[in-house]
Amino acid sequence: MKAPAFMPIPVSALIGSPRRLVTAIVLFVALDLSVLLINLWIAEQVARDAVAINLAGRQRMLSQQTTKALLLATLPNHGQNTESAQKEFEDAFGLFSKTLTAFADGGETSGGDGPPVRLQPVRGEGARAVAAARQLITPLSQRNFQDPAERAWAADYMVRHNREILTLMNHLTSALEHDSISRTQDLRAIQTGAFVLALANFLIIVLGMVRKYRSVEQDSRRWREIARHDPLTGIANRKAFTELAGAILMRASGDGQSGAVLMLDLDGFKPINDRFGHPAGDQILIALAERLEATARATDVVARLGGDEFAILCPLLHRKEDIAQFCERLVATVVDIPDDDFAGCKLGVSIGIAVYPEDGYDLKHLTALADRAMYAAKRAGGNCWRIA
């Protein structure tokens, strides 16, 4: 019969190697930070792509505005409105050209709300659309728009190529949207991978500590078992008897239950030790422990306190006739132990008994009373029992 025991396990025992744990934690933090940084990167990239897509959409409006301004500037008898249209054309065409250059080579252009915006060079389908659009507007960049004939030519040129320019800007917008989605998906995949790695690393830390905890707990339990068992006989030792009996008596006190504490000391053991040596005496003690456990009930606690002294706690053993029958069986068991190897040696046992609740529930007091009763049995000739 064993009582549960709790022993806190230090963290140092769980982590095994502090360096390994620190490495795992640093890796977990690094992966976690990488997920955060990728989040920020995605947010910045999405914002940058949104600006580029908006500017590509603005290019369509600027091409329309350029064509309209040129047409207005070529109207006869337009007066001051011609100058205003000329100014509108120059502003719209200049911003259109500047933005195309920023898309092609990377650089700054004016944003939708005024402040400058830096664009990255476009690649792939978007780059081809930009290159084609730049090639289309190159003839316009080489004309003198102060000359009415030049303005008329430019207006005719824009009308003829307007649809083509709009189509190219639509391609640019679609390419930017496609690149943004693809880039975001790639970043999301990297983010997911980093998160999975961080989670896997965290699980490895947890599972490693759980496995280490179980290993340490098993070792601790094994050492506790060793510390509570007599190394020679394998039964409970004094420490285990004190813990188990104390717990049983505490419960018995709360429930008002009865029982008995028996102290046993061998008679005639010293002559066997002196005559046949300690190995022979050890065989006697081992055999006695086995017989005591076999004779005791399942609820009893049998322990070797030291030397040839044993103790038995018997819950619910209270009536004198029951105690007498139990002690008689114990005496008979001990008498039968010596065999032919110990010729001429007679072994017996003196038993002292204290009962509760009559003698209280304090283990120290009960064992002291039972010990006195045991010595009274010895003085009476031994191989008998006495109740305190």
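The values are calculated or read from the model by the stated rules, or taken from the named source; none is laboratory data. Note that the coordinates shown come from a computational prediction; the quantities given were computed from them, not determined experimentally. As a convention, Cβ positions derive from the backbone with ideal geometry for all residues, glycine included, and neighbour counts pool all protein chains shown. The area values use the complete protein model at the heavy-atom level, side chains included, leaving out ligands, DNA and RNA. Shrake-Rupley method; radii C 1.70, N 1.55, O 1.52, S 1.80 Å.
Quick notes on this one:
- Gap separating the Cα centres of segment 23-49 and segment 283-315, nearest whole Å: 67 Å
- Cα→Cβ-extended label distance, 7 Å offset, between L203 and L27, nm: 1.5 nm
- Alpha-carbon spread of segment 60-175, three principal axes, descending order, Å: 46, 30, 22
- Charged side chains reduced to their Cβ positions (Lys and Arg at +1, Asp and Glu at -1) give segment 137-183 a dipole of some 20 debye around its Cα centre.
- Accessible surface of the chain, 1.4 Å probe: 57 percent of it comes from carbon and sulfur atoms.
- Size descriptor, Kirkwood hydrodynamic radius, that averages inverse alpha-carbon separations across the chain, Å: 30.3 Å
- Segment 223-309: trypsin sites (Lys or Arg not before Pro) in DSSP loop, at most 14 other beta carbons within 10 Å: R297
- Zero-based 5 Å bins, Cα pair distances in segment 319-388, whole percents: 4, 17, 21, 22, 17, 10, 5, 3, 1
- Amide H contacts under 5 Å for A260, placed H, 5+ residues apart: C314, L316, L317, Y356
- With the highest mean first, a sort of the peptides 188-200, 98-110 on other beta-carbon atoms found within 10 angstrom per residue produces 98-110, 188-200.
- Length available on full extension from E328 to E358: 0.36 nm per residue minus the Cα-Cα distance, which gives 8.6 nm.
- Peptide ranges 263-269, 278-284 listed from the most packed, as the mean C-beta count within 10 angstrom indicates: 263-269, 278-284
- Available extension along the chain between E309 and N54 is 82.2 nm, counting 0.36 nm per residue and deducting the alpha carbon span.
- Å² of accessible area per residue within the chain, as computed with a 1.4 Å probe and no ligands counted: 55 Å²
- Full extension of the chain segment joining R163 with L37 gains 41.1 nm, where the gain is 0.36 nm per residue of separation less the Cα-Cα distance.
- Once the convex hull of all Cα atoms in segment 251-301 is built, its volume per residue stands at 92 Å³.
- Close Lys pairs in the chain, defined as Cα atoms under 23 Å apart and 8 or more places apart or on different chains, number 12.
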